[in-house]
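Structure record follows, encoded as structure tokens.
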Amino acid sequence: MTSTPYTVHDVMTTPVVTVTPATEFKEIVAAMERWKVSAVAVIEGEARVVGVVSEADLLPKEEFHEHRPGMIEQLRRLADTAKAGSVRAEQLMTTPAVTVHPDATLPQAARLMADRHIKRLPVVDASGTLKGIVSRSDLLKVFLRSDDELTAEIRQSVVKRLFPLSHKAVKVTVSRGIATLTGEVRDGTLIPLAERLTHSVEGIVDVHCRLVGPASS
């Protein structure tokens, strides 16, 4: 009953800083510094994503610069020690890249990041072509929506739809992302649903539902 949920397409960053599998280590570092990003997508062909190189993939080069790992450490940190000796993106990148589609919802993207322990996701279409990138900070953009905008959406998408006959008796206020609903409605059984739907509005931090049903005679 609420308005269309925000999707990854709504918050993703474009254009994306990219490199090719043959891009060398220092070029990758220079690109990250120039564009102030912490990761780059590795593409080939017609912008098809084949991997991601992040700062974490580059740091072993510095970590093991003056420290030669022993046999046990090499076995325990095989991936890191291998990357310490790598010089091109194809050797450094995390592959296959964990990606997300533009029409995925923000909760879906957030769960994918949490499940895979990653900070960003290349956004690709059905053919695997790069369209953007979404990071943790991008997913938080919905919390920048103004209180007035949130108030209007709650009133239109929740209150008027659930309580078409008594919506004028409902007061909706939003302060710092916290929504408060007060007033008397004709159908008290819908109050829990109103609270849940208000919580689902993108950008709402918390809900104080003080709605009441019709007074007993």
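Details
- Segment 152-161, residues that are farther than 9 Å from residue 203 by Cβ and surrounded by 18 or more Cβ atoms within 10 Å (Cβ to Cβ): 154, 157, 158, 159
- Long-range neighbours under 6 Å by Cβ, at least six apart or interchain, first residue part of a loop (DSSP other than H, G, I, E, B) within segment 78-100, second basic (Lys, Arg) and at pLDDT 90 or above: 98/116
So that you can scan it fast, the table gives a plain yes or no per residue for (1) under 16 Å from the mean Cα position of the chain (by Cα); (2) among the acidic types (Asp, Glu); (3) open to solvent by 10 Å² or more (accessible area, probe 1.4 Å):
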residue	(1), (2), (3)
91	no, no, yes
109	yes, no, no
112	yes, no, yes
120	yes, no, yes
130	no, no, yes
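- Scope segment 4-52; condition of a type in the set (S, T, N, Q) and either open to solvent by less than 60 Å² (accessible area, probe 1.4 Å) or touching a Cys at 6+ places or on another chain (Cβ under 8 Å) (or both); matching residues: 7, 13, 18, 23, 38
- Residue among 158, 142, 134, 123 that is assigned to a strand (DSSP E or B), among the hydrophobic types (A, V, I, L, M, F, W, C) and out of contact with any Pro (no Cβ under 7 Å at 6 or more places or on another chain): 134
- Among the conditions (1) within 30 Å of residue 16 (Cα to Cα); (2) aliphatic (A, V, I, L, M); (3) open to solvent by 30 Å² or more (accessible area, probe 1.4 Å), residue 134 misses just one, which is (3).
- Residue count, segment 163-210 (criterion: touching a helix residue (DSSP H, G or I) at 6+ places or on another chain (Cβ under 8 Å), among the small types (Gly, Ala, Ser) and without any contact (Cβ under 8 Å) to a residue 60 or more places away in the chain): 5
The values are calculated or read from the model by the stated rules, or taken from the named source; none is laboratory data. Just so you know, these numbers come straight off a predicted model, no measurement behind them. Positions of Cβ are generated from backbone atoms using ideal geometry, with glycine treated the same way; all protein chains shown enter the neighbour counts. Side chains included, ligands, DNA and RNA excluded: accessible areas come from the protein's heavy atoms. Shrake-Rupley method; radii C 1.70, N 1.55, O 1.52, S 1.80 Å.
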